[in-house]
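The values are calculated or read from the model by the stated rules, or taken from the named source; none is laboratory data. Computed from a predicted model, the values in this text were never measured in an experiment. Ideal geometry is used to build each Cβ from the backbone, glycine not excepted, and the neighbour counts take in all protein chains shown. Only protein heavy atoms, including side chains, enter the accessible area calculation; ligands, DNA and RNA are left aside. Shrake-Rupley method; radii C 1.70, N 1.55, O 1.52, S 1.80 Å.
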Amino acid sequence: MATVILVRHGRTTANASGTLAGRTPGVELDETGRDQVARTGKRLADVPLVELVTSPLERCRQTAAAVAMHQSEATQAVVEDALTEADYGDWQGGSLADLSKHELWPVVQNQPSAVVFPGGESMVSMQSRAVEAVRRRDAQVEAEHGPHAVWAAVSHGDIIKAVLADALGMHLDAFQRIGVDPASVSVVRYTSARPYVVAMNTHAGDLSWLAAKPSGDDAAVGGGAGPAAPVDERS
């Protein structure tokens, strides 16, 4: 199947102040975040994206716009509601320092599969909707553009961690072991055999190799020779 690039939004005013923004409207990138997503957009400039989808929240739409700006062909981000931030319920807008004293905090850290945020959603539900959306979109991209197509999804830290945990075959209770920083790039290739996590939480480096055709669905025993020369499927 196709390859998805998972992009977390850049740093926001809430990130900088230690606030759990959740779905609070009007949370935007700060100056650092705008610089971060500009660099990410440049990193992806040599990767011809056949589709760009984004969470509906402002910080992700701003990040997606920065990615689209550097694409060689006109690219417009499409909103995917299922990639929105977790519904943290009563925790939304709270200080992380204060929330860390809540009796639910250790459960969030050590057994997220048991967590239902007060007045919000469960972390199991969060993962389920996010994974379903990414896999559904990926199948649609392959059907329309072929198995070597590359697309990007812009979302949130916990959402991307949950998608990566699924791709790695990890239980949700282990997903806190994964780091997904602001404006970072992670890459998953879905195939008929299994998902392949190609990269996680990267901040720098050439990504043009993502335009190369994968060698096949089987795992490369011994590590393989890496991608072949990049091929622009849109040419």
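So here's what we get for this one:
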item: Hey, Pro112 surrounded by 14 or more Cβ atoms within 10 Å (Cβ to Cβ), farther than 14 Å from Val7 by Cβ and not polar (S, T, N, Q) or not; result: yes
item: All positions within the range 27-66 that are in a helix (DSSP H, G or I) and under 23 Å from Ala133 (Cβ atoms); result: Val37, Thr40, Gly41, Glu58, Arg59, Cys60, Arg61, Gln62, Thr63, Ala64, Ala65, Ala66
item: Any hit, the range 102-114, residues being closer than 30 Å to Glu73 by Cβ and not aromatic (Phe, Trp, Tyr); result: no
item: Arg135, sole failed condition from (1) within 15 Å of Met1 (Cβ to Cβ); (2) in a helix (DSSP H, G or I); (3) open to solvent by less than 30 Å² (accessible area, probe 1.4 Å); (4) of a type outside the set (A, V, I, L, M); result: (3)
item: Condition check for Ser55: within 20 Å of Thr13 (Cβ to Cβ) and crowded, with 19+ Cβ neighbours inside 10 Å; result: yes
item: Filter result for Pro106 (in contact (Cβ under 8 Å) with a residue 12 or more places away in the chain and open to solvent by 10 Å² or more (accessible area, probe 1.4 Å)); result: no
item: All positions within the range 198-226 that are more than 18 Å from His145 (Cβ to Cβ), modelled with pLDDT under 90 and either aliphatic (A, V, I, L, M) or in a loop (DSSP other than H, G, I, E, B) (or both); result: Ser215, Gly216, Asp218, Ala219, Ala220, Val221, Gly224, Ala225, Gly226
item: Lone qualifier among Ser192, Ser125 - being at pLDDT below 95 and surrounded by fewer than 16 Cβ atoms within 10 Å (Cβ to Cβ); result: Ser192
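To keep it simple, each residue is scored yes or no on (1) over 14 Å from Leu83 (Cα atoms); (2) within 15 Å of the chain's Cα centre (by Cα); (3) open to solvent by 20 Å² or more (accessible area, probe 1.4 Å); (4) touching a residue at least 12 places away in the same chain (Cβ under 8 Å).
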{"site": "Arg11", "(1), (2), (3), (4)": "yes, yes, yes, yes"}
{"site": "Thr32", "(1), (2), (3), (4)": "yes, no, yes, yes"}
{"site": "Ala38", "(1), (2), (3), (4)": "yes, no, yes, yes"}
{"site": "Gly41", "(1), (2), (3), (4)": "yes, yes, no, yes"}
{"site": "Leu44", "(1), (2), (3), (4)": "yes, yes, no, yes"}
{"site": "Gln62", "(1), (2), (3), (4)": "yes, yes, yes, yes"}
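Matching residues to (1) assigned to a helix (DSSP H, G or I); (2) touching a Ser or Thr at 6+ places or on another chain (Cβ under 6 Å); (3) open to solvent by 60 Å² or more (accessible area, probe 1.4 Å); (4) of a type in the set (A, V, I, L, M):
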| position | (1), (2), (3), (4) |
| --- | --- |
| Ala68 | yes, yes, no, yes |
| Gln71 | no, no, no, no |
| Glu85 | no, no, no, no |
| Asp90 | yes, no, yes, no |
